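So the structure is just underneath, and the comments pick up after that.
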Amino acid sequence: MGSAAFDGYSPVGDILTTAICMVMGILLVFSFVRRTRSFRIFLAILGLLMFAAWTSVGYHTILEHWQPGLGTLAGVLRLLMHASLFLIFFLFVRYIANVTDLEHRKTLWATLAGGLISGTVILWDLIDTLNPGTGFRIGEDGAVQEAGGNIFLVGYLAYIVLLGVLLIHVRGRLYKRVMYGFYGTVLMAILLNLLQRLAGQSSFTVGSFVLPVIAMFYIMHSSPYDVRLGAIDVHAMEDLVRFYREKKKDFGYMSLYMHTFKENHTEMSASLQATIRRFAGSYFRDARLFQIGSGHLLLVYNLKKNANTDSRIRSIMDAFQREYTRFRHDYKIVIGTSTEALSRNNGYISFIRYLYRRMPENSSHTVTDRDTEDFIRSEYILKQLTDIHRLRNPNDARVLVYCQPVFNIRLGRYDTAEALMRLKLPEIGLVYPDQFIPLAEENGYIHVLTEIILHKTCEAARRLLDAGYLFSRISVNVSALELKDRYFTRDITRIIESSSVSGEHVAIELTESQDESDFLIMQSRINELKGLGIKFYLDDFGTGYSSLERIMQLPFDIIKFDRSLVIASASSPRSEAIVRNMARLFAEMDFSVLYEGVENDLDERRCIDMSASYLQGYKYSRPVPIEELTNFFSLSA
């Protein structure tokens with residue numbers, strides 16, 4: 001089988017292929033692409049494409065300017081071109097398996113099939129090149145002879161079949177429009193190769209391979225930049241952290257949060273975007289700006305490439321303050337450097353949000369080691385809360401019930417108590433409510449905790465009653481968020497009834513919400529549970545939201561005056577008169593008044609004089625394990 005030395009070939013196709021690959025390389029350098037395994041395969045394909053194009057040009061140049069003695073070089077270039085193309089085919093198989101998360105066994109079979117085809121073609125070509133008498137050779141006139149047949153075409157067709165089977169098999173693993181886009185480019189590559197052969201051409205053999213590569217670049221690895229803001233998405237930020245950690249590179253970061261844009265669902269103005277673009281590129285070398293969410297931006301920079309970091313930060317903060325006088329958007333700024341503890345779990349975004357929750361508006365904070373330690377502790381607590389929520393074990397040993405006894409002035413003894421939750425976690429020991437209640441509320445775990453503490457409180461109350469102890473009730477705090485759960489009343493009823501304790505021995509403490517819909521839900525839930533004999537406390541009266549109008553509409557039994565009112569009543573005669581009159585008004589309306597935070601004899605006498613029915617505080621006892629209530633409740637005669 002023979003052919004003319006250079007009939008049907010023009011270097012334009014290979015030159016264009018090289019140019020396209022170089023353009024993609026330039027775009028990759030000046031944009032940001034996630035450095036995943038599939039991206040590394042993509043880079044290998046890109047490199048092999050350029051190599052195949054160069055060897056194709058070299059091979060056909062020799063044929064065009066044929067001189068005896070160049071046959072070996074031509075054979076080697078031809079072998080390298082074919083080997084590159086079939087390695088690209090092989091990498092196509094690996095790429096598809098990787099981006100679709102194909103099962104290991106099926107990936108192995110596809111890899112073996114691709115390896116067999118590529119290996120066979122390359123080995124055949126090698127034998128042809130080493131045995132010019134029976135295989136590939138170039139005659140004196142420059143005509144190519146392939147006595148062994150066109151193995152390239154056979155291998156090409158075999159790969160088309162393999163890729164077709166593989167693409168059909170994984171069609172349900174990616175978004176259909178993405179897969180159809182890739183199918184289309186593969187089909188165009190096959191048609192291009194077919195048409196050029198029908199036209200007696202060979203200029204686009206390598207070029208046909210670039211079409212699926214363009215699809216990969218556009219669909220899977222296109223730049224995630226917001227071109228107006230210059231920011232990249234959050235996934236790219238997580239990938240950069242992984243990359244820096246793998247390369248053992250330290251980095252710094254500055255995070256800006258402006259809640260206006262998140263809460264109002266508005267976009268930044270063009271002038272503000274221009275300012276942010278300028279900030280992102282003017283103060284640090286090789287810095288990347290990431291958009292974490294609406295109004296939340298994160299600038300990450302390589303510390304090694306940015307000497308005098310402190311002075312750079314001062315400069316950018318001074319410039320920001322000048323701009324703030326123009327834009328006047330509330331902000332929070334966090335400044336820090338990478339740590340192994342955060343990089344290991346890629347926890348910077350959660351860490352920064354954790355700090356934001358603790359920061360006042362229009363402030364900046366430089367991260368300390370203590371911040372990181374507190375966050376890691378918080379993350380561990382959250383992990384334990386997640387597990388508690390998942391198990392929903394009413395006897396979970398990690399949830400402890402402590403109680404603070406309450407003194408009944410009329411009876412002259414302790415006859416009620418408030419149940420308070422604690423966590424006892426394996427690695428950090430005892431955890432107090434202020435450290436885990438906000439986490440539980442934010443993540444939807446609070447109701448399970450309430451179910452556990454109510455169950456344990458009811459079980460302890462039953463044991464106290466069986467042992468002959470006299471008490472009226474033990475109260476349990478309930479978050480206003482729980483009341484929105486349509487199963488709230490059912491769950492509370494089920495727990496109380498299953499413990500064989502009368503509802504009269506249980507009380508629920510609620511903090512009033514300012515929201516109208518929450519108020520109506522609270523009203524409904526209280527009325528639903530009143531039938532069980534449950535008493536209801538209005539907790540934290542005096543701390544902000546409570547109003548007399550609302551209180552009169554809610555069937556509370558006891559009003560708990562916050563410690564702040566106890567302190568205020570001691571500050572001046574005017575303050576004492578206000579607290580006294582409020583308490584007397586409640587008493588006249590048949591509410592019982594409970595003062596919490598009573599710490600000494602003066603507090604006690606003043607509260608008793610201000611219509612108190614119950615007193616609670618450190619003067620009587622700190623919170624103790626619920627089992628120790630036997631030291632406070634009296635035994636029946």
Work out which chymotrypsin sites (Phe, Trp or Tyr not before Pro) in the chain are exposed loop sites (DSSP not H, G, I, E or B, at most 10 other Cβ within 10 Å) and give the longest gap free of them. 176-486
In Hz, Karplus ³J(HN,Hα) per residue of segment 277-291 (6.51, -1.76, 1.60; θ = phi - 60°; x = Gly, Pro): 4, 5, 4, 5, x, 9, 10, 10, 7, 6, 8, 10, 9, 10, 9
Hey, if you put +1 on the Cβ of every Lys and Arg and -1 on every Asp and Glu Cβ in segment 379-635, which of Ser634, Leu483, Pro438 ends up farthest toward the positive end of that dipole? Ser634
Summing -39500 (n - 2.57) over every DSSP H run of at least 4 in the chain, dividing by its residue total and rounding to the nearest 500, the 222 nm mean residue ellipticity is -17500 deg cm²/dmol
Cut-off 10 Å between beta-carbons: net charge of the residues surrounding Leu430, Lys and Arg +1, Asp and Glu -1: +2
Per-residue ³J(HN,Hα) for segment 368-373, Karplus 6.51 cos²θ - 1.76 cosθ + 1.60, θ = phi - 60°, Hz, x for Gly and Pro: 10, 4, 5, 4, 5, 4
Student exercise: in segment 232-367, how many lysine pairs 8 or more apart or on different chains have Cα atoms under 28 Å apart? 10
Return one number: the angle in degrees, 0 to 90 and rounded to the nearest 10, between the long axis of the Cα atoms of helix 71-99 and the longest principal axis of the Cα atoms of the chain. 20 degrees
Interchain or sequence-distant (5+) residues whose placed amide H lies within less than 5 Å of the amide H of Glu512 are Asp539
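Between the DSSP loop rule and a limit of at most 13 other Cβ atoms within 10 Å, which trypsin sites (Lys or Arg not before Pro) in segment 442-538 are left? Walk me through the intermediate numbers first.
Details: sites: Lys456, Arg462, Arg463, Arg473, Lys484, Arg486, Arg490, Arg494, Arg525, Lys530, Lys535; in loops: Arg486.
Hits after loop and neighbour filter: Arg486.
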Trypsin sites (Lys or Arg not before Pro) lying in DSSP loop within segment 337-424, provided at most 13 other Cβ fall within 10 Å: Arg392, Arg410
Expressed as an acute angle from 0 to 90° and rounded to the nearest 10, what is the orientation of the C-alpha long axis of helix 12-30 relative to the principal long axis of the chain? 20 degrees
For a quick check: with amide H placed at 1.01 Å from N, whose amide H comes under 5 Å from Ile232's, ignoring anything fewer than 5 positions away on the same chain? Asp226, Leu289, Phe290, Gln291
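Go through segment 577-637 and name the trypsin sites (Lys or Arg not before Pro) that are in a DSSP coil and have 15 or fewer other Cβ atoms within 10 Å of their Cβ.
Values: sites: Arg580, Arg584, Arg605, Arg606, Lys619; in loops: Lys619.
Passing both the DSSP loop test and the Cβ count: Lys619.
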Per residue of segment 484-493, what does 6.51 cos²θ - 1.76 cosθ + 1.60 with θ = phi - 60° give for ³J(HN,Hα)? Whole Hz please, x for Gly and Pro, Karplus curve as stated. 6, 6, 5, 9, 4, 4, 4, 5, 5, 4
Report, by chain and number, residues whose modeled amide H sits under 5 Å from the one on Phe561, excluding near sequence neighbours (fewer than 5 apart, same chain). Leu594, Tyr595, Glu596
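Using per-residue counts of other Cβ atoms within 10 Å, averaged over each peptide, order 189-198, 495-504 from highest down.
Values: 189-198: 15.4, 495-504: 17.1.
Most protected by this proxy first, the peptides run 495-504, 189-198.
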24 Å Cα-Cα threshold exceeded, pairs from Lys383/Lys456; Lys535/Lys560; Lys383/Lys424; Lys424/Lys484: Lys424/Lys484
Of the candidate values (1) 1.19; (2) 0.95; (3) 0.99, the one computed for Rg/Rh (Cα atoms, Kirkwood Rh) from this structure is (1)
If R0 = 45 Å, then Asn527 and Arg377, at their Cβ-Cβ distance, give a FRET efficiency to the nearest 0.05 of 0.65
Using alpha carbons only, how many angstrom separate the centre of segment 547-587 from the centre of segment 179-205? 84 Å
Tilt, helix 151-169 to longest principal axis of the chain (alpha-carbon atoms), in degrees rounded to tens, equals 20 degrees
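Since every read-out is calculated from the coordinates, none of them should be taken as a lab result. Computed from a predicted structure; not experimentally measured. Cβ sites come from the backbone with ideal geometry, for glycine too, and all protein chains shown count toward neighbours.
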